[in-house]
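Have a look at the structure below, then the notes.
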Amino acid sequence: MHSSRIQRSVALGLLMGYLVFCNLRVTEAGPGDYSDVLPDSFPSAPAEPLPSFQQEPDDAYIVKNNPVELRCRATPAAQIYFKCNGDWVNQNDHVTRESLDQITGLVVREVDIEVSRTQVEELFGLDDFWCQCVAWSSAGTTKSRRAYVRIAYLRKNFDQEPLGKEVPLEHEVLLQCRPPEGIPGAEVEWLKNEEPIDPTRDSNFLITIDHNLIIKQARLSDTANYTCLARNIVAKRRSTTATVIVYVNGGWSTWTEWSPCNTRCGRGWQKRTRSCTNPAPLNGGAFCEGQPYQRVTCNTLCPVDGGWTEWAKWSACSRECTHWQQHTARPRTREWGKDCSGLLLQSKNCTDGLCMTNKKLFVEHKIHPLEVTGDVALYAGLVVALSIFLVIMMAVGVVVYRRMCRDFDTDITDSSAALTGGFHPINYKPPRHDNPHLLNASIQPDLTASAGSYRGPMYSLQDSGDKIPMTTSPLLDPLPSLKIKVYNSSTVSSQGLSSGGGLQEGGPIGKAPLGTYPGGGVLSRDGEILNQKNKALGSPQRLHTLPREPGSSASGTFGCLGGRLIIPNTGVSLLVPQGTIPQGKFYEMYLIINKRDNTTLPSEGTQTVLSPVVTCGPTGLLLCHPVVLSVPHCADLVSSDWMVKLKTQAHSQWEEVVTLDEETFSTPCYCQLEPHSCHVLLDQLGTYSLVGESYSSAALKSLQLAIFAPAACSSLEYSLKVYCIEDTPDALKEILELERNQGGYLLEEPKPLLFKDSYHNLRLSIHDIPHSLWKSKLLAKYQEIPFYHIWSGSQRALHCTFNLERHSLASTELTCKICVRQVEGEGQIFQLHTFIQENVTPFNPFPAADSDPCPSIQVGPYAFRIPSSIRYKICSSLDAPTSRGNDWRLLAHNLGFDRYLNYFATKSSPTGVLLDLWEACHHDDADLNSLASALEEMGKSEVLVVMATEGDC
């Protein structure tokens, strides 16, 4: 090694000596001797430039758990490394690639790294995670821009969702939308009926910079469902649908010409009309205010017929033994008056027939035509009077004959199939004793077979052709304990045929008030009980086709006096006004709450059931006036976010009857929607239910929360059941009966809960259990009932069970707290303190029902609060319309029944229908003071006098 160093030093010395020698030669020669041979300076290697980045790392977002890749590329670069948050990334985490730039010939170096979600989450502080590239060359270092790495997300809930609106035509509409918070920021798009809105194609739409949608001028075609759609690289969110309804308020057309006067003579009236078609109301627009017609009085000049003047004096007797008399005609004063009829001149014999001319006796010159006419008129009048007298006498005789026969004739009517197929009377004629060939008296007739198979028409109860004389015929002897309902035009009785053959009348039931009998007693005109309903009808058809569970049905027989059917403690009733059933007819009617487990629900899509499914029947009955069906509902009507519909079931299919506030002249019913119940005026009996559809997520459904516990517990395990049911009396009654059969009892009074249409579930949890005595067997922190199960209303017995276990049988006291709330909604808290003991007293939500049970049927005047005399006075005073409007229309306004007056206007007595509706709405708290106050505001003093003297006010 030492020798090599010596050789290297020698070579270096020789090189330096050569360079000095060359430099001396050049100096001696002068500058101009070799100027064209040698350059000014010798070339040297060029200096390496600083690295420049051809690609710098970009900002990136981590989606879910997928790592992101950062890349940078620089030239010329001896090395490239990443630095993240001030720390160098490990060299092993770099992926490096080298290439040669074809143009410059410089080396291009490219580096990649991966950043995971864990690395970003582990960063402490408020700053974002960042990385940058650092490139080296012999000339120095260069740094790239910082690339920020963030975790991408998009919240579920919008900061502000669009709300549905109803706007008039050509008005501006603003739908606001603030998308959910997210990284990166969400892009917003609007959908119209699920189709994207492009403002470049339809200039009527404008999407603002803060994502709001503006409809510049609302058109009818803009009536649609609008949805705000927000999306980023992570997810896509949809807002609740906002329904925009562009309505058109109705406008009156021009008046027609006045019609001719309706009378050709004297005082009459003429009218003109207009229609609400300029424009016609659309999409719920307001109907035109005012009257569609005007009527004014008119006076037409009556025609005056021409008349004769008085007769002049007789002329002197002429040679022909006659004298003459004449008068003149007064002209008519109207061109349509009649001319005078008759002769201008008349003559007669002036010598009483004693004057002879040409030896002939003139008894009479001429028989005047007026004398013949007078005789004919006299005879015709006598004939007409005699004919009228004979007709009157015959009519009186027929009436007297029918009254004499009515006390002895009766109809045998089998009503065993009344609940299934309507009211089907059956008539049976016994044989006459004087004709043994008609029916053998020793053969027992099969009346039950005839009654079960007969499907004939409804016969009049006054039909005397099918009457049975009430005798002791041996035909009735073999029929033991047969119940026969005997009807005639004035009485109804229930006769029992014993094996002994004697007829026995059913007496009254206990000490119930006169005219009100749960068993179905019917009140006659003289106030006596004439019919006691058979409690064990033997018709198999009736028992199989109609599930009449105790407590969920009621039935009774009604006549023209009307009455009321009530299912106690359910809020369901049927009012049959007086005069609804034709005179002389008797209908056996029923009212049933259908179990939802056995019934097809009327709700479709996003609709929800708001009331029980109620059947009133039988169908097909002839009703002279509407009946009033009252059902409870669970819609919270404080806000106007509900669209309520009445549906009916026909042939196992549900059909819409009416949408409230969208009634037309063809609507067959009227619905009075109260805060907790709905009263429906019906012309046809059938199966009905209320359904609702929310306009927005602000719609609220009223629920009840009820907690039950076992009445007896001999083991260590103990359970608490929390029921979530609709806030209607029938739903609570159904749960009470279900738990009573399972051995449970109600711990405390149920609490209300307003459930929002927000697609959020109902969450239940239990807290503050004394762990030294009890423990919960629930593994999770809470339980949930899905939103759709509650909102659809398809399941009535929705509940969650909290299973507990006590450490010892000696622990008989339990205190805890149960919280029930809707996610992002309202809630309730139960503070429970109960004891496990025998003979526990359950909480009774219907205390009044035990002390004073409500009868299921009320018949006749006892079913109504308004006496007949007062009712007649009110109807006669208000039915006739007045020019000031101080009639039944003002009464409807004062009573709050004026939502759709056209329904009452089509009735023969609008006031009577309004009073029937008032009876149904004020059944529980009905006193005449409220009705008297409404009449007092109208200034009907004469009616108030009658109410003060005959009523209760």
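Read-outs: derived from the displayed coordinates by stated rules, not from any lab. Since this is a predicted model, take the numbers as computed values, not measurements. Positions of Cβ are backbone-derived with ideal geometry, glycine not excepted, and every protein chain shown enters the neighbour counts.
Were the residues from Val396 through His651 laid out at 0.36 nm apart, the gain over their Cα-Cα distance would be 86.9 nm.
Would you mind computing the Rg to Rh ratio of region 249-302 from its alpha-carbon coordinates, Kirkwood style for Rh? Show your work: numbers first, answer last.
Values: Rg = 15.1 Å, Rh = 12.5 Å.
Result for region 249-302 is an Rg/Rh of 1.20.
Label positions at Ile388 and Ser876, each projected 7 Å from the Cα along the C-beta direction, are separated by 2.7 nm. For region 154-247, lysine pairs with C-alpha atoms less than 22 angstrom apart, excluding pairs fewer than eight positions apart on the same chain, total 6. Ranked by the mean number of other Cβ atoms within 10 Å per residue, highest first, peptides 387-397, 125-135 order as 125-135, 387-397.
When a footprinting reagent is the concern and you count Cβ atoms within 10 Å, what order do Leu935, Leu779 take, fewest first?
Numbers: Leu935 21, Leu779 5.
With the sparsest Cβ surroundings first, the list reads Leu779, Leu935.
Grab the alpha carbons of region 721-766, take their convex hull, and tell me the volume per residue in Å³.
Values: hull volume 4.7 nm³, N = 46.
Cα convex hull per residue, to the nearest whole number: 101 Å³.
Mind grabbing the base-10 log of I(q)/I(0) for region 593-655 at q = 0.15, 0.19, 0.24, 0.30 Å⁻¹? Debye formula, identical points on the C-alpha positions, no solvent, two decimal places. Summing over Cα pairs of region 593-655 leads to -0.60, -0.91, -1.26, -1.56.
Using only Cα coordinates, the Kirkwood hydrodynamic radius of region 575-682 works out to 15.5 Å. Panel note: the C-alpha atoms of region 887-940, placed on their principal axes, show extents of 28, 25, 18 Å (largest first).
How far, in nm, would the chain grow between Ser869 and Arg150 when pulled straight, counting 0.36 nm per residue and subtracting the alpha carbon separation?
On the way: separation 719, 0.36 × 719 = 258.84 nm, distance 8.40 nm.
Separation in residues times 0.36 nm, less the Cα-Cα distance, equals 250.4 nm.
Here His771, His676, His171 are placed in order of increasing Cβ neighbour count within 10 Å, fewest first, which gives His771, His171, His676. Near Tyr723: Cβ cut-off under 11 Å, other residues only, Lys/Arg at +1 and Asp/Glu at -1. The net charge is -1. Checking the cross-link pairs Lys733/Lys817; Lys751/Lys775; Lys721/Lys781; Lys83/Lys143; Lys701/Lys751; Lys701/Lys756 against a 18 Å limit on the alpha carbon distance flags Lys733/Lys817; Lys751/Lys775 as lying beyond it.
Any chance you could list the semi-axes, whole Å, largest first, of the equivalent ellipsoid that the Cα gyration tensor gives for region 154-247, using √(5λ)?
Numbers: eigenvalues 115, 33, 22 Å².
Over the Cα atoms of region 154-247, the ellipsoid semi-axes are 24, 13, 11 Å.
Taking label points 7 Å from Cα along the Cα-to-Cβ direction, Asn66 and Glu737 give a separation of 5.9 nm. Directionally averaged projected area (region 52-151, Cα convex hull): 6.6 nm². Between Asn262 and Phe665, what is the FRET efficiency for a Förster distance of 25 Å, r being their Cβ-Cβ separation, to the nearest 0.05? Result of the calculation: an efficiency of 0.55. Model label sites at His893 and Ser640, defined 7 Å from Cα along the beta-carbon direction, differ in position by 1.9 nm. The length gained on full extension between Asp210 and Gln119, counted as 0.36 nm times the residue separation minus their Cα-Cα distance, comes to 29.3 nm.
Excluding Glu56 itself, what net charge comes from residues whose Cβ is under 11 Å from its Cβ, given Lys and Arg +1 and Asp and Glu -1?
Working: positive: Arg71, Arg73, Lys143, Arg145, Arg146; negative: Asp58, Asp59.
So the environment of Glu56 carries a net charge of +3.
A straight line joining the Cα centroids of region 761-838 and region 101-144 runs 57 Å. Exposure proxy ranking for Thr263, Thr580, based on other Cβ atoms within 10 angstrom of each Cβ and starting from the fewest, stands as Thr263, Thr580. For a modelled paramagnetic label at Ala797, 7 Å from Cα along Cα-to-Cβ, the residues of region 727-746 in reach, with backbone nitrogen under 17 Å, are 730-746.
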